[in-house]
Structures are given as structure tokens and as C-alpha cells.
Amino acid sequence: MGRKSLKEERQLEIIKTFYKVAKKEGYENTSIAKIAKVMDINPSLVSHYFETKEDLTYALIDHILERYLLIYTIKNKQEVTLTDLQKTIEMLFSKKWNLLFDDGLFYTFYALAFREKKIKMKYKAILDSLRLALSSMIEQCNTKQLTRVAEPKTAADLIFVLVDGAYFYLSLENDKKAYAARLEYYKNRAYQILGMEHSILTDEALS
């Protein structure tokens, strides 16, 4: 992969600053002027790359997808192993996954999806991409007879239904022990969907 252009680097810098400001002050209170102030640049420079706050929002949602896809850190995507599949499940039901993107902003944008068709389509693309990647992993494990999941796409969909529901519900939980216990329960349910209850590797083996 070639080196990013100066334009791409500046756009990414603006997007990341937008994320930080919106996370701290709230999406509604974030403006191009505030982003420029944090970056110590003229607002016109931000507007040169993103004409409106909406354009910045679309770019940030695309950035969400890139961050969420980081869970699929497989060295060889054409040679998926059972360990790769388990590492992915462990990541999905972990704080690392939940910390990839701020919950407050995620659900703020999710709410906007009900009013703006473009945001709705982008969110749908994010969720479809995550499900497709997991489904592909399951299918490869099936081919190698490492798993026997009858319907990989359905299994991947059910696992993400668990993930989405778990983090929305647990975002309201203040008791850390209760949070961890419920997350572990949901993870075990995901392993049941994959028929992997009896083939789970230890932490030492995973590392």
C-alpha cells in the first residue's frame, strides 16, 4: 500500500480532531470553528476539505468502519484457522472492541440514521461488512472441517445481534462485575451458536 497523500493525511487529521471534539463536547455542540481552533488553523482550511459539518459526519462514519474492521487482524485471510475465529469472538466481546469508538457518538449517529438516508445507508454498510467478514471466517473453518455451522451467514448475523444488543444494554450498567459477567455470558452464547463450546483454546494458546 502506497503512502497517503498530503490531502488524505490532512483529511484524516481533521476527522480525528472532529471525533475528539465531538466526544468531549457532544456532536450538537461541535462546529467547524471549534475543530479549527483545536487544530490551531483557519476554519477556511477545514472547509476546504469538508464544506459542511454533514460532510465531516459522513467521513467520520466511514472512519468508524475502518476502526471496527480492526478486529479482523488475521495474517492470512485466505487461511483462517480456528484460533483466528476464536480470537475474533474474544475481541468482539471485550472492552477493546467496545473502546474502538465512543458509545455516545455511535448512538448519536445511529439516531441520525432515522432522519438522514445517507447516514442510514452508511451504518447499514458498516454492519453488513462486519457480518460478511465473520461469515467468511466461519465458511473457511467449515471447509477445513474445523467447525460445522449449518448456515454461516445466519450464525454471523445472530452473533452480531448479540454484540449490538449486549453493548447497548451494558452501556447502561455501572456495576463493573455485573458488566463483566453479562459480557461473558453473551460471549458463551456466541460460542454455542458456532458449536465451539468444547473446543475453546486457553489464553496461553491464543497468545
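A few comments on the model shown:
- Sorted peptide list for 59-68, 33-42, criterion being average Cβ within 10 angstrom, highest first: 59-68, 33-42
- The chain - percent of accessible surface contributed by carbon and sulfur, probe 1.4 Å: 53 percent
- Every pair of different Cα atoms in the chain enters the Kirkwood calculation, which places the hydrodynamic radius at 18.9 Å.
- Structure note, pairs Lys20/Lys153; Lys120/Lys176; Lys24/Lys95; Lys24/Lys120; Lys87/Lys153; Lys120/Lys177: Cα-Cα distances above 27 angstrom occur for Lys20/Lys153; Lys120/Lys176; Lys120/Lys177.
- Each principal axis of the Cα cloud of the stretch 128-204 was taken in turn, and the coordinate range along them, longest first, works out to 42, 31, 19 Å.
- Hull volume in cubic angstrom per residue (convex hull over the Cα atoms of the stretch 62-163): 100 Å³
- Net length gained if the chain between Lys16 and Leu158 were fully extended (0.36 nm per residue, minus Cα distance): 48.0 nm
- Distance between modelled label sites at Glu79 and Ser47, nm, 7 Å Cα→Cβ extension: 5.4 nm
- In the stretch 1-66, Cα pairs under 8 Å separated by at least six residues give a relative contact order of 29 percent.
- Here the dipole of the chain is about 260 debye; that uses its Cα centre as origin and unit charges on the Cβ of Lys and Arg (positive) and Asp and Glu (negative).
- Ranked by the mean number of other Cβ atoms within 10 Å per residue, highest first, peptides 18-26, 110-118 order as 18-26, 110-118.
- Heavy atoms of Ser47: accessible area, 1.4 Å probe, square angstrom to 10: 40 Å²
- Straight Cα distances below 21 angstrom link Lys117 to the lysines Lys53, with same-chain residues fewer than 8 positions distant left out.
- Relative contact order for the chain, counting Cα pairs under 8 Å that sit 6 or more residues apart, in percent: 18 percent
- Taking every protein chain into account, the accessible area of the chain amounts to 62 square angstrom per residue (probe 1.4 Å).
The values are calculated or read from the model by the stated rules, or taken from the named source; none is laboratory data. All figures in this text were calculated on a predicted structure; none of them were measured in a lab. Neighbour counts run over all protein chains shown; Cβ positions are idealised from the backbone, glycine included. Ligands, DNA and RNA are stripped out before the accessible areas are found, and what is left, the full protein with its side chains, is counted by its heavy atoms. Shrake-Rupley method; radii C 1.70, N 1.55, O 1.52, S 1.80 Å.
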